[in-house]
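The values are calculated or read from the model by the stated rules, or taken from the named source; none is laboratory data. The structure displayed is predicted, hence computed values, not measured ones. With ideal geometry, Cβ positions are generated from the backbone for all residues, glycine too; neighbour counts draw on all protein chains shown. SASA here: full protein model, heavy atoms, side chains in, ligands and nucleic acids out. Shrake-Rupley method; radii C 1.70, N 1.55, O 1.52, S 1.80 Å.
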Amino acid sequence: MSRSPSPFSVQQKLNKISPGAAEAGLGDILNDLITSVSALQTAVAALKADHNTLVAKLNLDAGVTDANYAVSTAAAQAAVIPLTSR
């Protein structure tokens with residue numbers, strides 16, 4: 001019989017799911033991976049914003065050939081849900 005709500009976090013449950021998972025620290029590894037991906041997504045979003053700002057500034061200048069640069073239309077990546085919120 002399980003308790004509801006469980007006194008253990010998702011990370012703790014993943015660490016205890018099997019002897020191999022406990023030895024490897026499966027919950028810890030997944031939590032670190034999700035945290036890294038979230039930080040990377042934040043950095044990529046900032047770079048895209050900087051890129052779009054630069055493109056807008058370049059397009060304002062009617063230089064020699066007045067080249068219009070394309071603004072990035074890449075779709076935003078879905079946010080990764082932290083392990084503690086699952």
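Of note:
- Residue under evaluation A39, criteria (1) touching a residue at least 12 places away in the same chain (Cβ under 8 Å); (2) closer than 19 Å to P82 by Cβ, criterion not met: (1)
- Filter result for T84 (part of a helix (DSSP H, G or I), at pLDDT below 85 and either of a type in the set (S, T, Y) or open to solvent by less than 100 Å² (accessible area, probe 1.4 Å) (or both)): yes
- Picking from residues in region 25-62 that are of a type in the set (D, E, K, R) and exposed (fewer than 12 other Cβ atoms within 10 Å of the Cβ), the one that is farthest from V10 (Cα to Cα) is D61.
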